[in-house]
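**Q** Here it is, the structure, as structure tokens.
The values are calculated or read from the model by the stated rules, or taken from the named source; none is laboratory data. Nothing here was measured: the structure is a model prediction, and the numbers come from that model. Glycine gets a Cβ as well: all are built from the backbone with ideal geometry, and neighbour counts include every protein chain shown.
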Amino acid sequence: MHWCRTPSTRQVKSQCEALLVERVKAEPESWIQRIRDGLAYIHERAALQRLLIVQAVAFIFFTLVLPIEIVYAKESLGAGDTGYGVLLSAWGIGHAEVRALRQGGLEQPLDEAGLAAARVAAERLSADVRADRSVVDAFLTAAREGNFEALLSVLDPQVVLRADDAAVRLGGPRQLSGSAAVAKAFQGRAQAGRFILADGAPAILVAPGGRMILAMRVAIHDGRIAAIEAIADPARLTQLAFSLPD
């Protein structure tokens, strides 16, 4: 190493550094070699291997959380789309609260904003269900009392009623159009009907003596019932996810 033999220490250091830099530039390390070196480094350290395995399992678990929540809310709880929305909002509120507790400083206003948004979303879902229930309950009350004018007040003028074959066999009409025709069909009836959620949407369940015979899916627009679908086919009824609102 004759190039380092010089009386000046500063010159020695300068020349050595220059040569090292030139060597690195001349022989760049490939990314494949870096990966091999990294794998060899991990292979020699059992603690790192265990840490990476735990991290991989955690990544897979959290990737599956969302579809698991959907199945749990819709199938196990029978909560439908609305119930899943409430569950997701509650998860978001909890996440925001944890972040608010663990973090501070400049990120605190962001956490509070996220928490407020999640709460507003949950309250809005709950408010929508309450509003739908009030419309359906008013319809059922008017039907039981035979109050024709009250029925007209909760029915959209262009309301449409449709029924499947099984519902028609129970004695109901296959299709009706207009608030007057639908109101007349329900006047003095629906004694066993009650509000329920079917796939997260407002519906009427008819189950005298606890035996379900009919479900009516209800579409509400601007505070009035715009469409009713009567379902009595057992195969279709079993496909609906029923849930009771809070």
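**Q** For Ala219, work out the one condition from (1) buried (at least 20 other Cβ atoms within 10 Å of the Cβ); (2) over 14 Å from Leu140 (Cβ atoms); (3) not acidic (Asp, Glu) it doesn't fulfil.
**A** Tallying (1) buried (at least 20 other Cβ atoms within 10 Å of the Cβ); (2) over 14 Å from Leu140 (Cβ atoms); (3) not acidic (Asp, Glu), Ala219 fails exactly one: (1).
**Q** Additional query: Mind checking which residues of segment 222-246 are under 19 Å from Leu155 (Cβ atoms) and exposed (fewer than 15 other Cβ atoms within 10 Å of the Cβ)?
**A** Asp222, Gly223
**Q** Next up: Would you mind finding the one in Ala190, Ala203, Ala183, Ala219 that is closer than 16 Å to Val135 by Cβ and at pLDDT below 90?
**A** After applying the criteria, what remains is Ala190.
**Q** A follow-up question, please. So if I check each of Ala167, Ala235, Ala183, which one is in a helix (DSSP H, G or I) and in contact with a helix residue (DSSP H, G or I) (Cβ under 6 Å, 6 or more places away or on another chain)?
**A** Being in a helix (DSSP H, G or I) and in contact with a helix residue (DSSP H, G or I) (Cβ under 6 Å, 6 or more places away or on another chain) holds for just one of Ala167, Ala235, Ala183, which is Ala183.
A quick yes/no check of all residues on (1) at pLDDT 90 or above; (2) surrounded by 16 or more Cβ atoms within 10 Å (Cβ to Cβ):
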| site | (1), (2) |
| --- | --- |
| Gln103 | no, no |
| Pro109 | no, no |
| Ser134 | yes, no |
| Val154 | yes, yes |
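**Q** In the same structural domain as Glu145 (by TED's automatic domain parsing) and surrounded by 16 or more Cβ atoms within 10 Å (Cβ to Cβ): which single residue out of Pro208, Pro202 fits that description?
**A** Matching residue, one of Pro208, Pro202: Pro202.
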